[in-house]
1. Kindly check whether there is at least one residue in region 150-166 that is open to solvent by 10 Å² or more (accessible area, probe 1.4 Å) and over 19 Å from the mean Cα position of the chain (by Cα).
2. Given I114, I66, I51, which one is in contact (Cβ under 8 Å) with a residue 24 or more places away in the chain and among the β-branched types (V, I, T)?
3. Going through region 200-221 one residue at a time, which ones are in contact with a strand residue (DSSP E or B) (Cβ under 7 Å, 6 or more places away or on another chain) and farther than 15 Å from D19 by Cβ?
4. Restricting to region 178-212, what's the tally of residues that are in contact (Cβ under 8 Å) with a residue 24 or more places away in the chain and within 23 Å of G39 (Cα to Cα)?
5. Of the residues F90, F80, only one is more than 17 Å from G190 (Cα to Cα) and touching a Pro at 6+ places or on another chain (Cβ under 8 Å); which?
6. Failed condition for E132, given (1) assigned to a helix (DSSP H, G or I); (2) surrounded by fewer than 17 Cβ atoms within 10 Å (Cβ to Cβ), with all others met?
7. Sort out which residues of region 22-60 are farther than 25 Å from S167 by Cα and either open to solvent by 60 Å² or more (accessible area, probe 1.4 Å) or modelled with pLDDT under 95 (or both), and write them in order of number.
8. Could we say that R207 is assigned by TED's automatic domain parsing to the domain that holds D27, open to solvent by 70 Å² or more (accessible area, probe 1.4 Å) and not β-branched (V, I, T) here?
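The values are calculated or read from the model by the stated rules, or taken from the named source; none is laboratory data. These numbers were taken from a predicted model, which means no experiment stands behind them. Quick reminder, even Gly has a Cβ in these numbers, built from the backbone with ideal geometry, and neighbours come from all protein chains shown. We work out accessible area using only protein heavy atoms, side chains counted, and drop any ligands, DNA or RNA first. Shrake-Rupley method; radii C 1.70, N 1.55, O 1.52, S 1.80 Å.
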Amino acid sequence: MIVFDKVWFSYGTREILKDISFSINPDERVVILGESGEGKTTILKLILGLIRPDAGKIIIDGEDIINKTEHELREARMKFSIVFQEGALFDSLNVKENVAFCLREYSKMSEEEIDQRVRELLRIVGIENAMELMPEELSGGMHRRVAIARSLAACEPKMFLYDEPTSGLDPVNAENICRLILDLSKNGKGFIVVTHKIYDAIKVANRFIFLKDGMTIFDGDRDELVHAAIPDIQIFIKELSLNPG
């Protein structure tokens with residue numbers, strides 16, 4: 001479904017991605033690891049066509065998207081449910097209205113149908129009882145769940161994209177978000193999770209791509225990751241011994 005073929009990307013004179021190539025099937029559960037500034041979120045933005053590479057091809061469902069217009073990119077973007085780390089809710093709208101916003105913008109549903117769909121989505125993410133709460137009344141974990149529900153309202157995705165979904169959350173809420181990510185993938189839909197938290201990555205994924213200095217230094221399964229004789233990866237793996245279980 002997703003192919004990066006020799007992709008290069010820079011912000012100004014700073015090279016972020018250097019000759020990146022990989023392919024990801026729609027049913028795969030993939031985590032992209034690396035330190036801050038290594039280009040993890042940049043990859044998600046490239047997949048959605050929010051930014052364009054300096055060189056290379058980005059193929060979604062067999063079509064190279066790098067020269068598509070904004071109108072043409074809409075079809076490609078609707079294949080994904082995306083939750084960015086900085087994806088804020090509308091402060092002036094309660095939980096129900098935040099989720100309903102996308103349905104009113106992108107569907108022809110009646111108000112009754114919208115109400116039913118919002119309740120269904122909030123039930124899926126486990127916070128139906130928070131419908132009337134305002135964003136400032138939500139915990140970090142609840143806020144992230146509402147953001148996921150809102151992304152689901154926008155489309156029927158083939159694949160989920162998550163940008164640092166457990167960042168800033170306490171261990172209990174991080175565990176709940178990991179469980180939700182897995183629950184949403186039970187119907188065969190895969191995901192890409194961008195994170196620097198190896199402990200959470202190990203819980204959800206079965207394939208791991210590791211970025212360093214703008215390049216892929218590892219692409220493999222869980223066992224290969226844990227036993228990789230690569231110093232940068234070994235530093236990440238140390239977190240597992242600090243968080244047993």
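1. no
2. Numbers: I114 fails: in contact (Cβ under 8 Å) with a residue 24 or more places away in the chain; I66 fails: in contact (Cβ under 8 Å) with a residue 24 or more places away in the chain.
Exactly one residue qualifies, and that residue is I51.
3. First, the residues of region 200-221 that are in contact with a strand residue (DSSP E or B) (Cβ under 7 Å, 6 or more places away or on another chain): 201, 204-211, 214-221.
Result: A201, V204, A205, N206, R207, F208, F210, F218, G220, D221.
4. Residues that pass the stated criteria total 24.
5. On inspection, the qualifying residue turns out to be F90.
6. It fails just one condition, (1).
7. Kept after step one, since they are farther than 25 Å from S167 by Cα, are these residues of region 22-60: 22-23, 25, 52-60.
Matches in region 22-60: S23, N25, R52, D54, K57.
8. Numbers: assigned by TED's automatic domain parsing to the domain that holds D27: yes; open to solvent by 70 Å² or more (accessible area, probe 1.4 Å): no; not β-branched (V, I, T): yes.
So R207 does not fit the description; no.
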